[in-house]
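The values are calculated or read from the model by the stated rules, or taken from the named source; none is laboratory data. Just so we're clear, the structure is a prediction, and the values are computed from it rather than from any experiment. All Cβ positions, glycine included, derive from the backbone under ideal geometry; neighbour counts span all protein chains shown.
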Amino acid sequence: MDKSLFKKIWHFIWEDNSIWSWLVNVVLAFILVKFIIYPGLGLLFGTGYPVVAVVSGSMEHDGSFDSWWNGQKSFYEDMGIMKEDFKDYKFSNGFNKGDIMVLFKAKNINKGDVIVFWGSASEPIIHRVVKIDNTYQTKGDHNSGSRGDEMNITEDKILGRAVLRIPYLGWLKLIFMQIVGRVI
């Protein structure tokens, strides 16, 4: 490649302030994230879904932990989960729509872990494990009980286990998807 052509391209991408340069940068950023960073994280974390945005409020807690627990207590105690047990769980205060969750490979899943799995919805579901037999049962912390597609989750349906929460960053995806959804 001609050295002057390389310099022109470099200048266009990194130093030019035109709308075209900005658009090329957006496209390059998308390609970098979609085809290099995301798959790289997936390989590193052992899941095809290393980062997900929370798209519903099913894991939100209203008010203080104690007031939330009082509204949910009977379900969890019926599952053998006591208040002190729940306080020791990761994400014991839930999380919110618009948060980003980082997932690792789903291995050694325990009661109280938050997993992402395929249910009957078109999007993966992220809920807390409340029962383990040969399969898993989950429940959204905000929900009154488990849905039908949360009762017998097999390992092949599980995409990952949540290990880290990044608040608010998922709103970028949610807003973008709303804009794109309106256009399409």
Worksheet item: Regarding SER74, is this residue in a helix (DSSP H, G or I), more than 25 Å from TYR136 (Cα to Cα) and assigned by TED's automatic domain parsing to the domain that holds SER144?
Response: no
Response to the item:
All conditions in (1) surrounded by fewer than 17 Cβ atoms within 10 Å (Cβ to Cβ); (2) under 23 Å from ILE109 (Cα atoms) are true of PHE86 except (1)
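Consider the range 22-45. How many of its residues are small (Gly, Ala, Ser) and exposed (fewer than 15 other Cβ atoms within 10 Å of the Cβ)?
2
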Worksheet item: Pick from the range 112-134 the residues that are touching a helix residue (DSSP H, G or I) at 6+ places or on another chain (Cβ under 8 Å) and in a loop (DSSP other than H, G, I, E, B): which of them is modelled with the lowest pLDDT?
Response: ALA121
Worksheet entry | Breaking point among (1) over 19 Å from the mean Cα position of the chain (by Cα); (2) crowded, with 18+ Cβ neighbours inside 10 Å, for GLY98 | (1)
Practice prompt. Scan the range 138-180 for residues that are exposed (fewer than 13 other Cβ atoms within 10 Å of the Cβ) and hydroxyl-bearing (Ser, Thr, Tyr) and jot them down.
Written response: SER144, THR154, TYR168
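Say we look at the range 107-122 and pick out the residues that are out of contact with any strand residue (DSSP E or B) (no Cβ under 9 Å at 6 or more places or on another chain) and not aliphatic (A, V, I, L, M); which of these is nearest to ASP88 (Cα to Cα)?
Filtering the range 107-122 down to residues out of contact with any strand residue (DSSP E or B) (no Cβ under 9 Å at 6 or more places or on another chain) leaves 120-122.
Of the ones still in play, those that are also not aliphatic (A, V, I, L, M) are 120, 122.
Values: SER120: 30, SER122: 32 Å.
Only one residue tops the list, namely SER120.
Only one of LYS34, LYS97, LYS83, LYS87 is outside the structural domain of ARG161 (by TED's automatic domain parsing), farther than 21 Å from LYS157 by Cβ and charged (D, E, K, R). Can you tell me which? Lay out the reasoning, then the answer.
On the way: LYS97 fails: outside the structural domain of ARG161 (by TED's automatic domain parsing); LYS83 fails: outside the structural domain of ARG161 (by TED's automatic domain parsing); LYS87 fails: outside the structural domain of ARG161 (by TED's automatic domain parsing).
So the residue among LYS34, LYS97, LYS83, LYS87 that is outside the structural domain of ARG161 (by TED's automatic domain parsing), farther than 21 Å from LYS157 by Cβ and charged (D, E, K, R) is LYS34.
For the range 75-90, name all the residues that are among the hydrophobic types (A, V, I, L, M, F, W, C) and under 23 Å from the mean Cα position of the chain (by Cα). Outline the logic, then answer.
Going through the range 75-90, the residues among the hydrophobic types (A, V, I, L, M, F, W, C) turn out to be 75, 79, 81-82, 86.
Selection gives PHE86 alone.
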Fill in: Filter result (part of a loop (DSSP other than H, G, I, E, B) and within 15 Å of TYR49 (Cβ to Cβ)) within the range 135-170
GLY170
Discussion item. Take the residues in the range 4-57 that are in contact (Cβ under 8 Å) with a residue 24 or more places away in the chain and polar (S, T, N, Q); name whichever of them is nearest to ARG165 (Cα to Cα).
Written reply: SER56
Worksheet entry | Output for the range 25-74, where each listed residue is within 19 Å of the chain's Cα centre (by Cα) and polar (S, T, N, Q) | THR47, SER56, SER58
Discussion item. Condition first: on the phi < 0 side of the Ramachandran plot and without any contact (Cβ under 8 Å) to a residue 60 or more places away in the chain. Can you find one or more residues in the range 94-103 that meet it?
Written reply: no
